[in-house]
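Student: Mind looking over this structure? Questions follow.
The values are calculated or read from the model by the stated rules, or taken from the named source; none is laboratory data. From a predicted model like this one, the values you see are computed outputs, not experimental measurements. Positions of Cβ are backbone-derived with ideal geometry, glycine not excepted, and every protein chain shown enters the neighbour counts. For accessibility, only protein heavy atoms count, side chains too; no ligands or nucleic acids. Shrake-Rupley method; radii C 1.70, N 1.55, O 1.52, S 1.80 Å.
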Amino acid sequence: MNEFKKICVLGLGYVGLPTAAIFASRGVQVIGVDINETTVETINQGKIHIIEPGLYLMVNEAVSMGKLIADPQPQPSDAYIIAVPTPLTIANQPDLTFIEAATRSIAPVLKKGALVILESTSPIGTTEKICQWLSQERDDLSFPNVAGDEADIQVSHSPERVLPGNVLIELVNNDRVVGGISPKCARRTKQLYKIAVKGKCLLTTAATAEFIKLSENAYRDVNIAFANELSIVADKIGINIWQAVKLANHHPRVNILQPGPGVGGHCIAVDPWFIVDSAPDNTPLIKSARKVNDGKPNHIVEKILATAYKKGATTVACLGLAYKANIDDMRESPAVTITATLTERFDGEVLVVEPNIKTLPDTLADTKGLTLCDLDLALEKAQIIALLVDHQEFQILDPILLNDKVIIDTRGIWS
Ligand code: SAJ
């Protein structure tokens with residue numbers, strides 16, 4: 001029998017909201033908690049504040065059935081899923097402020113038998129800290145870092161693994177790593193996820209789960225850095241990198257990732273630093289990969305500027321601002337960095353096309369010389385087209401419209 005009748009999901013962002021909606025769609029009563037009042041209001045109206053395929057319909061239905069209710073405050077529940085951001089400080093160190101605040105916010109409503117799951121990507125040791133923060137607030141309850149399987153409350157880490165743009169499918173079908181502070185914590189966490197997840201739930205310790213999640217994203221960062229480094233070499237010697245990667249990948253044991261304008265998003269551009277922070281003297285490769293990927297936007301800006309001056313161009317159009325295709329997320333986006341730096345350094349006009357937004361993000365709103373416009377206008381006015389994101393709107397573009405343009409294709413869709 002399902003022992004989880006009511007759950008609280010803390011943080012209604014790219015991971016929390018789909019998670020809340022999926023559990024609600026399986027009949028669990030879900031309280032979605034967010035500190036942003038506009039987010040709470042939007043969701044209670046059955047609407048959503050982010051773009052993710054299929055999410056609107058699922059949230060709308062869950063809200064209208066009364067199974068998903070957004071609230072600024074947590075409520076007494078059988079389980080709590082924490083899915084809040086873990087940003088980096090300026091010194092590239094993990095900032096646990098949001099996790100700590102979310103944890104302390106559930107303390108007053110926590111009752112014996114409750115399960116607390118951390119989904120946010122976190123430095124090693126964070127799940128243990130959750131036990132410590134909760135026991136500081138509630139000395140009437142026992143926690144598994146001290147009481148093991150006998151504890152009143154169970155605490156675990158089950159990192160999200162979903163790919164933005166494909167979240168609803170991956171949330172259900174991906175295997176999950178489930179790390180308990182004690183074995184019972186892991187077993188109960190598996191029971192909860194099994195309400196919604198078809199993939200396997202693989203049990204381990206909380207610290208191992210933290211390490212695994214960071215390793216997955218660092219693995220991808222290092223491999224993208226390899227592709228990006230190759231692309232810079234290829235540019236220098238005049239080789240088509242897209243063709244080279246495609247042909248190299250015919251080797252049965254080679255799978256080079258796609259070079260691009262850099263690495264964005266709140267995961268891969270951030271999480272490798274958490275590993276570096278744990279062992280700064282033992283992570284030269286991970287640090288180097290971060291440097292290579294962070295340096296790529298500047299390489300693209302130099303290329304656009306050199307081409308613009310050579311051609312005497314007066315207008316450059318940047319296509320795309322999101323950190324990757326078919327989403328509206330601009331966090332850490334290399335396209336935003338490139339557009340901002342280009343506008344600052346280019347004497348002419350810079351146009352930017354981003355089909356998934358209506359106004360420029362705050363970071364670009366006051367940038368003089370930059371205009372957000374539609375694709376038609378950009379194609380009419382610009383002599384140089386810098387393709388920064390491979391959104392579907394750009395993929396289906398009639399090549400005839402690009403005939404008289406100079407193209408800088410950072411994603412390889414027209415190369
Ligand atoms: N990118 C490339 N070349 C590639 C693949 C990606 O340049 O071949 C770029 C993208 O354009 C983007 C960035 O890397 O700017 C990251 O995109 P992504 O699609 O690789 O990953 P994310 O950040 O959207 O999601 C990742 C996923 N992690 C892994 O694939 C190991 C996802 O499964 C995680 O759940 C997510 O991070 C997370 O939240 O941690």
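Student: Would you point out the residue of segment 186-208, among those that are open to solvent by less than 30 Å² (accessible area, probe 1.4 Å) and part of a helix (DSSP H, G or I), that is farthest from the ligand (Cβ to nearest atom)? Talk me through it step by step, then tell me what you get.
Tutor: Step one: list which residues in segment 186-208 are open to solvent by less than 30 Å² (accessible area, probe 1.4 Å), which gives 186, 188-189, 192-193, 196-197, 199, 201, 206.
Still in the running and part of a helix (DSSP H, G or I): 186, 188-189, 192-193, 206.
Values: Ala186: 20, Arg188: 23, Thr189: 17, Leu192: 19, Tyr193: 15, Ala206: 17 Å.
Among residues in segment 186-208 that are open to solvent by less than 30 Å² (accessible area, probe 1.4 Å) and part of a helix (DSSP H, G or I), the one farthest from the ligand (Cβ to nearest atom) is Arg188.
Student: Given the conditions (1) of a type outside the set (Val, Ile, Thr); (2) assigned to a strand (DSSP E or B); (3) within 11 Å of the ligand (Cβ to nearest atom), report the number of the one that Cys318 does not fulfil.
Tutor: Cys318 satisfies all of (1) of a type outside the set (Val, Ile, Thr); (2) assigned to a strand (DSSP E or B); (3) within 11 Å of the ligand (Cβ to nearest atom) except (3).
Student: Can I ask one more? Is there a residue in segment 175-185 that is more than 20 Å from Pro85 (Cβ to Cβ), open to solvent by 20 Å² or more (accessible area, probe 1.4 Å) and in contact (Cβ under 8 Å) with a residue 60 or more places away in the chain?
Tutor: Taking every residue of segment 175-185 in turn, none turns out to be more than 20 Å from Pro85 (Cβ to Cβ), open to solvent by 20 Å² or more (accessible area, probe 1.4 Å) and in contact (Cβ under 8 Å) with a residue 60 or more places away in the chain.
Okay, residues lined up against (1) open to solvent by less than 20 Å² (accessible area, probe 1.4 Å); (2) more than 20 Å from Asn356 (Cα to Cα); (3) at pLDDT below 95:
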{"position": "Lys5", "(1), (2), (3)": "no, yes, no"}
{"position": "Cys8", "(1), (2), (3)": "yes, yes, no"}
{"position": "Leu17", "(1), (2), (3)": "yes, no, no"}
{"position": "Ala21", "(1), (2), (3)": "yes, yes, no"}
{"position": "Gln29", "(1), (2), (3)": "no, yes, no"}
{"position": "Glu37", "(1), (2), (3)": "no, yes, no"}
{"position": "Asn44", "(1), (2), (3)": "no, yes, no"}
{"position": "Ile50", "(1), (2), (3)": "yes, no, yes"}
{"position": "Pro53", "(1), (2), (3)": "no, no, yes"}
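Student: Answer yes or no: is there a residue in segment 90-98 that is among the polar types (S, T, N, Q) and under 22 Å from Pro164 (Cβ atoms). Let's see the steps before the verdict.
Tutor: Within segment 90-98, the first condition is being among the polar types (S, T, N, Q), and the residues that meet it are 92-93, 97.
Narrowing further to those that are under 22 Å from Pro164 (Cβ atoms): none.
No; the residues of segment 90-98 include none that is among the polar types (S, T, N, Q) and under 22 Å from Pro164 (Cβ atoms).
Listed here are the residues, each with its yes/no results for (1) within 20 Å of Ser415 (Cα to Cα); (2) within 16 Å of the ligand (Cβ to nearest atom).
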| site | (1), (2) |
| --- | --- |
| Asp329 | no, yes |
| Thr337 | no, yes |
| Leu342 | no, no |
| Lys358 | no, no |
| Leu372 | no, no |
| Leu379 | yes, no |
| Ala386 | yes, yes |
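Student: Where residues in segment 388-403 are over 24 Å from the mean Cα position of the chain (by Cα) and open to solvent by less than 70 Å² (accessible area, probe 1.4 Å), which of them is nearest to the ligand (Cβ to nearest atom)? Explain how you work it out, then say what you get.
Tutor: Our first condition is that a residue be over 24 Å from the mean Cα position of the chain (by Cα); within segment 388-403, this holds for 396-403.
Right, trim to open to solvent by less than 70 Å² (accessible area, probe 1.4 Å) and you get 397, 402.
Details: Leu397: 19, Leu402: 22 Å.
By that ranking, first place goes to Leu397.
Student: Tell me, please, whether a residue that is under 29 Å from Asn92 (Cα atoms) and either free of Cβ contacts under 8 Å to residues at least 24 places away in the same chain or of a type in the set (S, T, N, Q) (or both) can be found in segment 387-400.
Tutor: Within segment 387-400 (the criterion being under 29 Å from Asn92 (Cα atoms) and either free of Cβ contacts under 8 Å to residues at least 24 places away in the same chain or of a type in the set (S, T, N, Q) (or both)), the answer is no, since none of the residues qualifies.
Student: For segment 336-343, indicate whether the set of residues that are at negative phi and part of a loop (DSSP other than H, G, I, E, B) is non-empty. Break it down into steps so the answer makes sense when it comes.
Tutor: To start, the set of residues in segment 336-343 that are at negative phi comprises 336-343.
This time we only want the ones that are part of a loop (DSSP other than H, G, I, E, B), so: none.
Looking for residues that are at negative phi and part of a loop (DSSP other than H, G, I, E, B), one finds none in segment 336-343, hence no.
Student: Right, Glu170: touching a residue at least 60 places away in the same chain (Cβ under 8 Å), surrounded by 15 or more Cβ atoms within 10 Å (Cβ to Cβ) and within 13 Å of the ligand (Cβ to nearest atom) or not? Spell out how you get there, then give the answer.
Tutor: On the way: touching a residue at least 60 places away in the same chain (Cβ under 8 Å): no; surrounded by 15 or more Cβ atoms within 10 Å (Cβ to Cβ): yes; within 13 Å of the ligand (Cβ to nearest atom): yes.
Taking the combined requirement at face value, the residue does not satisfy it.
Here's the yes/no breakdown for (1) assigned by TED's automatic domain parsing to the domain that holds Lys296; (2) of a type in the set (Gly, Ala, Ser); (3) open to solvent by less than 20 Å² (accessible area, probe 1.4 Å):
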{"site": "Val316", "(1), (2), (3)": "yes, no, yes"}
{"site": "Tyr323", "(1), (2), (3)": "yes, no, no"}
{"site": "Phe346", "(1), (2), (3)": "yes, no, yes"}
{"site": "Lys358", "(1), (2), (3)": "yes, no, no"}
{"site": "Ala365", "(1), (2), (3)": "yes, yes, no"}
{"site": "Ala382", "(1), (2), (3)": "yes, yes, yes"}
{"site": "Lys405", "(1), (2), (3)": "yes, no, no"}
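Student: Just to be sure I understand, how many residues within segment 120-158 are within 16 Å of the ligand (Cβ to nearest atom), of a type outside the set (Val, Ile, Thr) and crowded, with 23+ Cβ neighbours inside 10 Å? If you could, list the steps in order and put the result at the bottom.
Tutor: From segment 120-158, those within 16 Å of the ligand (Cβ to nearest atom) are 120-124, 126, 157-158; that's our starting set.
Subset that is of a type outside the set (Val, Ile, Thr): 120, 122-123, 157-158.
Of the ones still in play, those that are also crowded, with 23+ Cβ neighbours inside 10 Å are 120, 122, 157-158.
Residues in segment 120-158 being within 16 Å of the ligand (Cβ to nearest atom), of a type outside the set (Val, Ile, Thr) and crowded, with 23+ Cβ neighbours inside 10 Å: 4 in total.
Student: Pairs please, first residue from segment 39-55 and under 14 Å from Ala21 (Cβ atoms), second anywhere and loosely packed, with under 14 Cβ neighbours inside 10 Å, Cβ atoms under 6 Å, 6+ apart in sequence or on different chains.
Tutor: Gly46/Ser64
Student: While we're here: Out of the residues in segment 216-265 meeting the condition of being within 13 Å of the ligand (Cβ to nearest atom) and loosely packed, with under 14 Cβ neighbours inside 10 Å, tell me which one is farthest from Ala186 (Cα to Cα).
Tutor: Checked segment 216-265; the qualifying residue farthest from Ala186 (Cα to Cα) is Lys246.
Student: Working carefully through the options Pro76, Pro85, Pro72, find the one that is touching a Ser or Thr at 6+ places or on another chain (Cβ under 8 Å) and open to solvent by 40 Å² or more (accessible area, probe 1.4 Å). Steps first, please.
Tutor: Working: Pro76 fails: touching a Ser or Thr at 6+ places or on another chain (Cβ under 8 Å); Pro72 fails: touching a Ser or Thr at 6+ places or on another chain (Cβ under 8 Å).
None of the others qualify; the one that does is Pro85.
Student: Could you figure out which of (1) in contact with a helix residue (DSSP H, G or I) (Cβ under 7 Å, 6 or more places away or on another chain); (2) open to solvent by 30 Å² or more (accessible area, probe 1.4 Å); (3) within 16 Å of the ligand (Cβ to nearest atom) isn't true of Phe211?
Tutor: (1)
Student: Okay, next question. Give me the residue from segment 266-284 that is away from the ligand (no atom under 13 Å from the Cβ) and acidic (Asp, Glu) and, out of that set, most open to solvent (accessible area, probe 1.4 Å).
Tutor: Only one residue tops the list, namely Asp281.
Student: Moving on to the next point. Suppose we filter segment 344-364 for residues that are outside any loop (DSSP other than H, G, I, E, B) and closer than 15 Å to Leu375 by Cα; how many remain?
Tutor: Restricting attention to segment 344-364, the residues satisfying the condition of being outside any loop (DSSP other than H, G, I, E, B) are 344-345, 349-353, 362-364.
Filter once more, keeping what is closer than 15 Å to Leu375 by Cα: 350-353.
Counting residues in segment 344-364 that are outside any loop (DSSP other than H, G, I, E, B) and closer than 15 Å to Leu375 by Cα gives 4.
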